[in-house]
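Beneath this line is the structure, given in structure tokens, with notes to follow.
The values are calculated or read from the model by the stated rules, or taken from the named source; none is laboratory data. All figures in this text were calculated on a predicted structure; none of them were measured in a lab. FYI the Cβ positions are ideal-geometry reconstructions off the backbone, even for glycines, and counts take in every protein chain you see.
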Amino acid sequence: MIMEYVWLVPLVPLLCFVISGFFGNKTPQGGGYIAISGALIAFIISVLVSYEYLTGDLYANNLPYVQDVQWLVIGGYEINFGVYIDSLACVMMLFSSLISMLIFVYSLGYMNDQGVKKRRYFAEVSLFLTGMLGLVISSNYLEMFVFWEIMGLCSYLLIGFWSFQHPDGDDASVNASSAAKKAFLVTRMGDVCLMSGLFILLYLFQSLDYTVVFDASTIATVQAENSGLLTAAVLLIFGGVIGKSAQFPLHDWLPDAMAGPTTVSALIHAATMVKAGVYLTARSYPIFIQSADVMLLVAIIGGVTAIFAASMALNNMNIKRVLAYSTISQLGYMILALGAGGYLMAIGIETGNGELITLGVMGYIAGIFHMINHAFFKGLLFLGSGSVIHSCGTEDMRLMGGLHKKMKITSITMLLGSLSIAGFPLFSGFWSKDMVLEAAFGPYANGLGAGSWFCLLFILGIITAFMTAFYMFRMWFMTFAGEEHESSKHAHGESSKSMTAPLCVLSVFAVFSGFLILFGLGDVISETLKVTYESLFMSLHVEVHSGTEIAREIFTNVWTYIAIALALIGIGIAYLMYAKKSINPGKFNKNGEGMLYKVLAKRYYFPQLYNQIAWKAGYEVARGVDFIDRNVIDGTVNGLSNAVVGSADVVSKAQTGYVRNYAGFVVVGVMVLSAVLAALFYVMGGI
Amino acid sequence: MIPIEFFLVFAAILFVIGLYGMLTSKKSLVILMCIELMLNAANINFITFSAYGMGTMGEVFVIMSIAVAAAEVAVGIALVLNVYKVKKTTDVDELTSMRW
């Protein structure tokens, strides 16, 4: 029924992009209402489609809904364009469109003073949403890649939104344009990997359709014949994920991307863009789990990213950058959960152990579940920080403080978001974070080969949880508690209704979305895996844990209480340092002179590393290319034209202008011709 | 009957005279006349073959070629006249402005 119209989900925002792009300035709010209604329609259709799918026969039989038209035929390869709806796609499009809609509503207030540039803003965010929604419902990898790139383009355009005219002057606009370039180029590294991975996949499976690639028997055949190439393809696809989801070592574009408007940051971090990488990992799970070693690598990248990014958030003074690092860190959690779950599943499938597969599926669920929760609380936190910035006119937390009295709604909603991300019991982050940590602990608990690695990753995860609690509350106390500083004295109070309303809606989700896991969200998410492995799951009795079982596991696990205690300690230290001021943070970093402090403030010298690579390697490559361009390519063209001109000069000398010469040539020519003919006659013996 | 070779040799001599005159003379009018000579040598060949039993096609051709030659001479002389008006000479070695 409505399912046949699911292609409208990305198409409506696309239409809004066209309409607000062309006629935005003729409508109120520069096309803002058009963008909002587009997102709203997309959300409504997503809800209807999800309802129909989750209550229908297809879901009951663990089948996806697929609708294809032929797009390209290249040689023997057939590329389709269509939709592929399973529970993962449903979940993704629901939260993407909902959060995007809330962000668009918020943008009405936040971008209110931007005048005619609002048209550009609302057109681009609509296209951004198109990219995300198209990505999640794509029916094959190539189509997915097209939308993936649309998002890359939109992130470039939106991060550089203030590159022409920044309210803070020229430095900020240079900053914005270089941040946009950095985001584009760094994610490009990943995209090149992803594309080469897709080429290998096309070669292996003769198709890029999800229905073909995720077919258990096809995978088994390919794995048996070409396991090395399949591993290479998976690693390359994961390279794309590293770029898009800002994982170590391609993480550095995300903090710089804070140069864009705060709403764009919220969009990138909560609803779109960085979620695409996690989505791709989750979507490609059936081929990812063919190799346990790859999944170990995935988990290591995730775990390292989590603590690496969290450490940089500890001493940052920029309210948006703290949130950016926390996003990278939380993305690391998701990748860690997916990696650990995949490792368990890979080993489980290899040894035919149903227990391990069940644990692996729980890890998968944890990763997706954390992504959903993160979308809500990170959207909330970013919009809250936007509200603060809008009011104070600065992003430096040292200039804020005491804003609680002036901005009650923002302050309280951000407190809820911070509690959630810190993993305070019963808030949404608590559930998913504990599930993630449990998944990371799984391989060690079951004594698998790489158990010690996972034990290490688990410890890193626990430390990250402590750090998260600390830096989030450091941010909250510095912003809202204590005495007022320079900027907060001039702050013009609470933001407008269009900005606070989305905050309230999001805070409800940020607090309560964790309870979804108690009401069967796990079953819904795991359906995506059952599409591929239904028969295997049946034969090995893999049953996803029910909500009560998950809750029991969480509350009977000693690590949960340790994590809670660490989170509370983190909050407590932040309180003592930044609200009560009984501990001077300067004591630990020698007032900003400490070695570690400097390394963190310099972001582990990663920007310098990028620059060195870009300058040393990139510049030399560019010089080589320039040399080839000037000498080989231009040389060929110039040489060719010189040869033509020169030879024409020589040949033109034959035109003497003496009529008798011409006549002589004609006579000689005729004579030669006659001689040839006579010779031919002689040789051939007559006509 | 006169053997056919007589006519053919005669035509060949005529042709060579015309060719020699065209290649050696500097005077435009002489060159034009030499071309006429070569043309008529060819005409004689046509007529000869026609008369010696190869059908009437040769005669038809000759009538055609005489008509065309008349027109050609008219154009040629008009050109020479106009060149003379401009350059005050008809010497072909002087008329070399159309080269490179």
Condition test on A:Ser647, is it among the hydroxyl-bearing types (Ser, Thr, Tyr) and outside the structural domain of A:Met397 (by TED's automatic domain parsing)?
yes
Only one of (1) surrounded by fewer than 23 Cβ atoms within 10 Å (Cβ to Cβ); (2) assigned to a helix (DSSP H, G or I) does not apply to A:Thr464, and that is (1)
Hey, can you tell me all the residues within the range B:69-93 that are of a type in the set (Asp, Glu) and within 10 Å of another protein chain (Cβ to nearest Cβ)?
B:Asp93
What number of residues within the range A:662-687 are away from every other protein chain (no Cβ under 14 Å) and either on the phi < 0 side of the Ramachandran plot or in contact with a Ser or Thr (Cβ under 9 Å, 6 or more places away or on another chain) (or both)?
13
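Each row is one residue, and each column tells you yes or no for (1) under 27 Å from A:Ala501 (Cα atoms); (2) surrounded by fewer than 23 Cβ atoms within 10 Å (Cβ to Cβ); (3) not assigned by TED's automatic domain parsing to the domain that holds A:Ala579.
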{"residue": "A:Met397", "(1), (2), (3)": "yes, no, no"}
{"residue": "A:Lys405", "(1), (2), (3)": "yes, yes, no"}
{"residue": "A:Lys408", "(1), (2), (3)": "yes, yes, no"}
{"residue": "A:Ile412", "(1), (2), (3)": "yes, yes, no"}
{"residue": "A:Pro425", "(1), (2), (3)": "yes, yes, no"}
{"residue": "A:Asp434", "(1), (2), (3)": "no, no, no"}
{"residue": "A:Ala439", "(1), (2), (3)": "no, no, no"}
{"residue": "A:Leu448", "(1), (2), (3)": "no, yes, no"}
{"residue": "A:Leu456", "(1), (2), (3)": "no, yes, no"}
Enumeration of residues in the range A:260-319 that are closer than 27 Å to A:Leu381 by Cα, not hydroxyl-bearing (Ser, Thr, Tyr) and not in a helix (DSSP H, G or I)
A:Gly260, A:Pro261, A:Met273, A:Leu314, A:Asn315, A:Asn316, A:Met317, A:Asn318
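For the range A:471-559, please list each of the helices (runs of 4 or more DSSP H) lying entirely inside it that holds at least 3 residues being within 24 Å of A:Trp431 (Cα to Cα) and at pLDDT 80 or above.
Working: elements: A:486-490, A:497-512, A:521-539, A:547-556.
Output list reads A:497-512, A:521-539, A:547-556.
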Of the criteria (1) closer than 18 Å to A:Val670 by Cα; (2) more than 14 Å from chain A (Cβ to nearest Cβ); (3) buried (at least 17 other Cβ atoms within 10 Å of the Cβ), which one B:Ile13 fails
(3)
Can you tell me which residue among A:Ile335, A:Ile365 is touching a residue at least 24 places away in the same chain (Cβ under 8 Å), assigned to a helix (DSSP H, G or I) and more than 18 Å from A:Gln247 (Cα to Cα)?
A:Ile365
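Are any residues in the range B:16-29 over 16 Å from B:Leu95 (Cα atoms) and either small (Gly, Ala, Ser) or within 11 Å of chain A (Cβ to nearest Cβ) (or both), and if so, which ones?
Passing the criteria: B:Val16, B:Gly18, B:Leu19, B:Tyr20, B:Gly21.
For (1) surrounded by 13 or more Cβ atoms within 10 Å (Cβ to Cβ); (2) part of a helix (DSSP H, G or I); (3) of a type in the set (S, T, N, Q), each residue gets a yes or a no:
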| residue | (1), (2), (3) |
| --- | --- |
| B:Met1 | no, no, no |
| B:Glu5 | no, yes, no |
| B:Val9 | no, yes, no |
| B:Glu72 | yes, yes, no |
| B:Val75 | no, yes, no |
| B:Asn82 | no, yes, yes |
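One line per residue, one yes/no per condition, for (1) within 14 Å of chain B (Cβ to nearest Cβ); (2) of a type in the set (Ser, Thr, Tyr); (3) in contact with a strand residue (DSSP E or B) (Cβ under 7 Å, 6 or more places away or on another chain); (4) within 30 Å of A:Arg321 (Cβ to Cβ):
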{"position": "A:Pro607", "(1), (2), (3), (4)": "no, no, no, yes"}
{"position": "A:Ile613", "(1), (2), (3), (4)": "no, no, no, yes"}
{"position": "A:Asp634", "(1), (2), (3), (4)": "no, no, no, no"}
{"position": "A:Val645", "(1), (2), (3), (4)": "yes, no, no, no"}
Hey, any hits in the range A:626-643 for a residue that's over 60 Å from the mean Cα position of the chain (by Cα) and farther than 23 Å from B:Ile31 by Cβ?
no
Across the range B:30-45, which residue is surrounded by the fewest Cβ atoms within 10 Å (Cβ to Cβ) among those that are within 13 Å of chain A (Cβ to nearest Cβ) and farther than 20 Å from A:Met671 by Cβ?
B:Val30
Could you grab me the full set of residues in the range A:649-661 that are part of a helix (DSSP H, G or I) and facing chain B (nearest Cβ under 10 Å)?
A:Asp649, A:Val651, A:Ser652, A:Val659, A:Arg660, A:Asn661
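Whether any residue in the range B:49-63 is among the charged types (D, E, K, R), touching a residue at least 40 places away in the same chain (Cβ under 8 Å) and either in a helix (DSSP H, G or I) or within 14 Å of another protein chain (Cβ to nearest Cβ) (or both) is what I want to check.
Taking the range B:49-63 and keeping what is among the charged types (D, E, K, R), we get B:59.
Then keep just the ones that are touching a residue at least 40 places away in the same chain (Cβ under 8 Å); that gives none.
No, that holds for no residue.
Determine, yes or no, whether A:Gly570 is within 30 Å of A:Met472 (Cβ to Cβ), crowded, with 21+ Cβ neighbours inside 10 Å and in the same structural domain as A:Ala346 (by TED's automatic domain parsing). If you could, list the steps in order and put the result at the bottom.
Details: within 30 Å of A:Met472 (Cβ to Cβ): yes; crowded, with 21+ Cβ neighbours inside 10 Å: yes; in the same structural domain as A:Ala346 (by TED's automatic domain parsing): yes.
In short, yes.
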With the structure loaded, tell me whether A:Leu254 is at pLDDT 85 or above and farther than 23 Å from A:Gly386 by Cβ or whether it fails that test.
no
